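Accompanying notes for the structure given below.
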Amino acid sequence: MEVWDLHCHLSGVPGRTPDERMARLIEHADRMGIARLCVFMGMEWSYDPSPEDLRRQNDDVLQALSHWHHRAFGFAYVSPRHLEASLDELKRCVRDGPMVGVKLWVAQRCSDRSVDPIVERAAELKALVFQHTWLKVTGNLPGESTPMDLADLAARHPGAPIVCGHTGGDWEVGVRAGRAHRSVSVDLGGGDPTAGFTEMAVRELGADRVVFGSDAGGRSFASQLAKVLGAAIPEDAKRRILSENLKGLLGPILSAKGVRL
């Protein structure tokens, strides 16, 4: 089956430069039969990035993509705490650049309406929105979104395709939180390959709303592929999760950019 990975980072990968790290990611992707990668955030990241940090990290990804456009896509890392700078980055990296999505992390919970202008602009550009979510028994970071926060965001933007990163960490809660919002897909990346995760997501959401991601280099490609390849679900569902669903989510912006697959 063809495999597209929604969720990759330059951090956690050996290499002194973005080019070296991207080459290493591709090397390991080749070993595991992964055809395409989505990459976001730079070599060094922060929980609450400044406008300068955002630009630097996006520059890292742009450089990493420069020799690998046939294998990788980039998402622009932005923060609602710096709205104008973030909208500028969407213009630079998505509208006028090669990136195809938006990465939101932990600077501000996505239930806050300060996130709305970013999602609205992303929708105008046909860019896919990836929102990190987690639900921690030890307590979330101050601006870290839960899957319930993401459900609030999706309710305000029913037409915008949004991915619930990590399925909220606590995936039993995450699957249920996003179930009512048809524009929400869940990302399998990160966390251990626990039995039942993928099966529940398919049962509750349908196979069309589940997307493979690894969270490499924080996690291995192999352990994350096991969540799908070892799941007790039909082969057609595995095929959708491993590539077809992500192709569909990225299809509008790739078409608008004239990218042929």
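None of the figures in this text is laboratory data; all of them are computed from the coordinates on show. Every value quoted in this text rests on a predicted model; they were computed, and no experiment measured them. As a convention, Cβ positions derive from the backbone with ideal geometry for all residues, glycine included, and neighbour counts pool all protein chains shown.
The figures follow:
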| item | result |
| --- | --- |
| Contour excess over end-to-end distance, with Cα ends at SER46 and ARG182 and 0.36 nm allotted per residue | 45.8 nm |
| Estimated inter-spin distance, ALA195 and ALA155, nm [label 7 Å along Cα→Cβ] | 3.7 |
| Fewest-first sequence of THR146, THR138 by Cβ atoms within 10 Å of each Cβ | THR138, THR146 |
| Over the chain: helical MRE at 222 nm, DSSP H runs n ≥ 4 each giving -39500 (n - 2.57), nearest 500 | -11000 deg cm²/dmol |
| Cα centre as origin, Lys/Arg/Asp/Glu Cβ charges: the chain dipole, Debye | 520 |
| Between the range 98-122 and the range 1-42, the Cα center-to-center distance that results, in Å | 23 |
| Cα shape, the range 113-261, gyration tensor, a/c 1.5 rule | oblate |
| Span-rule helices in the chain, defined as complete DSSP H runs reaching 15 Å or more along the axis (Cα) with Kyte mean at least 0.0 | 245-256 |
| Sum of side-chain charges, VAL184 neighbourhood, beta-carbon under 13 Å (Lys, Arg +1; Asp, Glu -1) | 0 |
| Net length gained if the chain between THR17 and MET32 were fully extended (0.36 nm per residue, minus Cα distance) | 3.1 nm |
| Tensor-based shape of the chain (alpha-carbon gyration tensor, a/c under 1.5 rounded, otherwise prolate or oblate) | rounded |
| Restricting the range 1-102 to chymotrypsin sites (Phe, Trp or Tyr not before Pro) in coil, as DSSP defines it, with at most 12 other Cβ within 10 Å | TYR47 |
| Residues THR198, THR167, sorted so that the one with the fewest Cβ neighbours within 10 Å comes first | THR198, THR167 |
| Trypsin sites (Lys or Arg not before Pro) lying in DSSP loop within the range 1-47, provided at most 12 other Cβ fall within 10 Å | ARG16 |
| Sequence of LYS91, LYS126 once ranked by neighbouring C-beta atoms within 10 Å, starting from the fewest | LYS91, LYS126 |
| Pairs of Lys in the chain closer than 17 Å at Cα, counting only those 8 or more apart or on different chains | 9 |
| Kirkwood-Stokes translational diffusion coefficient of the range 2-47, alpha-carbon pairs, 37 °C, 0.692 mPa s, µm²/s | 299 |
